[in-house]
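Encoded as structure tokens, the structure appears first; notes follow it.
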Amino acid sequence: MPVKVVEVKEVTKDFYLGKTVIQALWKLSINVEDGEFIAIAGPSGSGKTTLLNLIGCIDNPTSGTIKIDDVQVNNLSSNRLAELRASKIGFIFQSFNLIPVLSGFENVEYPLLKKRMNKDERKKRVTAVLENVGLEKFIEHRPDELSGGQRQRVAIARALVSNPKIILADEPTANLDHSTGIDILNLMKKINKLSGTTFIFSTHDPKIINIADRIINLFDGQLSK
Amino acid sequence: MCLKIAIRNVFRNKVRTIITLLAITFGCMSLILIGGFIHDALTTYRDSIIYSRLGHIQIAKKGFFKEGTIKPFDYMIDNPEELREALDSLDHIERITPRLQFVGLLSKGETTFPFLAEGIDPAGEKSLSSYIEFEKGENLSKGDNYTIILGKGLARAIGADVGDDMIILTNTIEGGMNALDVKVKGIFYTSSKEYDDHFLRIPVRTAQYLLQTEKVQKFIVILDKTANLKKVTNRLDDFFVKNNLPLEYKTWFDLAEFYNKLVAVYERQLKVINIIIYIIVILSISNTMSMAIFERTREIGTIMALGAKRHEVLFLFILEGAVLGAIGSLLGIGGGIFFAHLISWIGIPMPPGPGISVGWIGKIAVVPAVVCISFFLCMISAVISSFYPAFKASRLNVAEALRYV
């Protein structure tokens, strides 16, 4: 029987701009099973990033519940949420969000520093992950010395390195040209098949959306039929 | 890794870092230079009063320091030579020399002027005269009798010059009147204008002859080092008790009222200057850190998304402030020591201070305690000033920080 790694139940998220309330999500419910490769599709403002932020435990819902790997996250403290993110969730961002003062190797190593792991083991793990994304020759390069595709590969390696249950990718191809975007998604797909890591990515590019096993369409904060 | 990130972030915006480092370096250097200058000024003044007048310790009969001004001849030391020989054997005592003070009238022709006199032993005065300068003539020397040296102000008041014959009129210790013809051998000045305006110096043997006594009022003790004062006073306590001597002592510090007030004034000034410098350091680091956090909002969101806890973000930014503080303070120490030596080599011509008759050449002492305190205060200022911006960074909402452009 498939295991649910994400359970979003009746989730609403409101944002306040002065006195105006903007409803980003409204009573949304979705489940994601372990090992799935899911695309969240929808136009700008449909709530894709908000949904990923809620699943990624970096924002709180206004109402409803979210469970990550059977842990209800709504009422957890900021420290517990940080621990949960560090252990179960990897992030890939549209603008790569690498730490500019660290090399490719050090960026990938960063999430491991919070784990009790000796230097040799860290090095082994980081090197393996960088090889996996095809960046073994660029480990000493800083982000500003890498191309967009290479930066996103470092970001994927960083997301993968701590063996998370889920990797969330918010528009991972938006800042890349089409063919690099396809390459990145194929890489994500390959990792998904090999390691069984669950991938949830958002996109509004119809040309790359079909790589996903399942597509969740959002419109105005609700599932679109 | 945290330290590595902090160091690399510090040098990310080089121009801003250089400006901040300049502020910290300048602050730390100023603390060292100002502290060193004041220390040197006070040490010079302290040595001038020790080696021109007070000595390190003054020993007198019990009650002299309380009543001696009113009844100067009621508290005389009996058998001064025996006491001097006994005290001479104590460690760290370089020289012991007697003092016999009295007041009287000094006449030259038709002019008469009141004075305060110090009977001294010319042979034993060598170390005590190192801060006495002569405008004219020379100091008293061994074997001198019936000669005096006059303070500059006193000489001017009575119109005396070197070689002049003068008459000293005073009371003997029994209360009778006595007068003596003396010759002026020199006109001196010290760091104290007050002293130069009222005092003359006379060989103690001549003073004893004038006052008709074999006794003296006190002994001035010069030590090998000022730092040994406590050791010697402890020994003196034991020595007086052991030998059942009705004596007491005062240190130069007890007697130098003006010096103590001067120290208090300088210390207060130094505190005000220090506070101004800390504020400059705090504002400059605080501004740098606030700018850095403003520019790195999304990066802070990223590291928090990767699992960094709020206190870890706080620590990271405080560490950056501390790195800035450490680099700036170390540069400040280097610059401070360099400029202290350079300025001391050139010298700062200083005008006479209040109550001081001569100017002096100011220098800047490199005082290890001042250097250490300056370093740690700049470091502490750096940490304090980065705390609020770091706290703000640690309270950022992760999702909002990630959206920040």
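Observations on the structure shown:
- The range A:76-125 and the range A:1-31 have Cα centres spaced 26 Å apart.
- Averaged per residue, chain B has 48 square angstrom of accessible surface, using a 1.4 angstrom probe with ligands and nucleic acids left out.
- Dipole of the protein assembly as shown, positive end: most advanced residue of B:ILE300, A:GLY45, B:PHE315 [Cβ charges, Cα centre]: A:GLY45
- Between the C-alpha center of the range A:152-225 and that of the range B:185-225 there is a gap of 97 Å.
- Taking the longest Cα principal axis of chain B as reference, the axis of helix B:368-394 is set at about 30 degrees.
- B:TYR131 accessible area, assembled protein chains, probe 1.4 Å, Å²: 80
- DSSP beta bridges confined to the protein assembly as shown are antiparallel in about 70 percent of cases.
- When the Cα positions of B:LEU154, B:ILE285, A:PHE201 are compared along the charge dipole of the protein assembly as shown, A:PHE201 comes out farthest toward the positive end, with charges on each C-beta of Lys, Arg, Asp and Glu.
- Whole-Hz Karplus values for the range A:130-147 come out as 5, 5, 4, 9, x, 10, 4, 8, 10, 5, 8, 6, 7, x, 6, 9, 10, 6 Hz, taken residue by residue from phi with 6.51 cos²θ - 1.76 cosθ + 1.60 and θ = phi - 60°; glycine and proline positions read x.
- A straight line joining the Cα centroids of the range B:277-322 and the range B:129-183 runs 72 Å.
- Shape analysis of chain B yields a ratio of the Cα radius of gyration to the Kirkwood radius, Rg/Rh, of 1.22.
- Threshold 40 Å², the range A:104-134 residues less accessible with all protein chains present than alone (1.4 Å probe): A:GLU106, A:TYR110, A:LYS114
- In this Cβ point-charge picture (+1 for Lys and Arg, -1 for Asp and Glu), the protein assembly as shown has a dipole of about 2720 debye about its Cα centre.
- Cα lying deepest toward the dipole's positive end in the range B:63-245, options B:PRO98, B:TYR75, B:TYR195, charges on Cβ: B:TYR195
- The calculated FRET efficiency for B:SER89 paired with B:ILE280, based on their beta-carbon distance and R0 = 56 Å, is about 0.50.
- FRET E, pair B:LEU342, B:LEU3, Förster distance 35 Å, beta-carbon r, rounded to 0.05: 0.55
- From phi via Karplus (6.51, -1.76, 1.60), per-residue ³J(HN,Hα) for the range A:97-110 in Hz, x at Gly/Pro: 6, 7, 7, x, 8, 10, 6, x, 4, 5, 4, 6, 6, 3
- Pairs of Lys residues in the range B:249-375 are counted when their Cα atoms are under 24 angstrom apart and they lie 8 or more places apart or on different chains; the count is 4.
- Ranking by accessible area, most exposed first, for B:VAL241, A:VAL5 with a 1.4 Å probe: B:VAL241, A:VAL5
- Per-residue shielding of B:305-317, expressed as the average number of other chain Cβ atoms within 10 Å of the residue Cβ, stands at 6.
- Exercise: per-residue mean of other protein chain Cβ atoms within 10 Å, B:395-404: 4
- Over the range B:63-245, the ratio between the Cα radius of gyration and 2.2 N^0.38 Å evaluates to 1.06.
- The mean accessible area for residues of the range A:88-225, using a 1.4 Å probe and ignoring ligands and nucleic acids, is 46 Å² per residue.
- Computed from phi, the 3J(HN,Hα) profile of the range A:191-204 under the Karplus parametrisation 6.51, -1.76, 1.60 (θ = phi - 60°) reads 4, 4, 6, 6, 9, x, 5, 6, 10, 10, 10, 9, 7, 10 Hz, with x in place of Gly and Pro.
- Per-atom-type breakdown for the range B:63-245 gives carbon and sulfur 48% of the accessible area (1.4 Å probe, protein chains only).
- If R0 is 41 Å, the Cβ-Cβ spacing of B:PHE294 and B:PHE258 corresponds to a FRET efficiency of close to 0.15.
- Order by protection proxy (mean Cβ within 10 Å, highest first), peptides A:184-193, A:205-214, B:210-219, B:174-183: B:210-219, A:184-193, A:205-214, B:174-183
- Net charge dipole size for the range B:63-245 [Lys, Arg +1 and Asp, Glu -1 on Cβ; Debye, nearest 20]: 360
- Chain B packed on chain A takes about 2300 Å² of accessible surface away from a 1.4 Å probe, both sides summed.
- Chain B: antiparallel DSSP beta bridges as a percent of all, rounded to 5: 80
- Ranked by the mean number of other Cβ atoms within 10 Å of their residues, highest first, the peptides A:161-172, A:76-87, B:267-278 come out as A:161-172, A:76-87, B:267-278.
- Where the alpha-carbon atoms of the range A:1-51 are placed on the principal axes, they occupy 47, 21, 11 Å, in descending order.
- Cross-link reach is defined here as a Cα-Cα straight distance under 18 Å, omitting same-chain residues fewer than 8 places apart; for B:LYS242 the lysines meeting it are B:LYS61, B:LYS62, B:LYS231.
The values are calculated or read from the model by the stated rules, or taken from the named source; none is laboratory data. All of these numbers come straight from a predicted model, not from anything done at the bench. Positions of Cβ are backbone-derived with ideal geometry, glycine not excepted, and every protein chain shown enters the neighbour counts. Please note that ligands, DNA and RNA were not included when accessible areas were found on the heavy atoms of the full protein model with its side chains. Shrake-Rupley method; radii C 1.70, N 1.55, O 1.52, S 1.80 Å.
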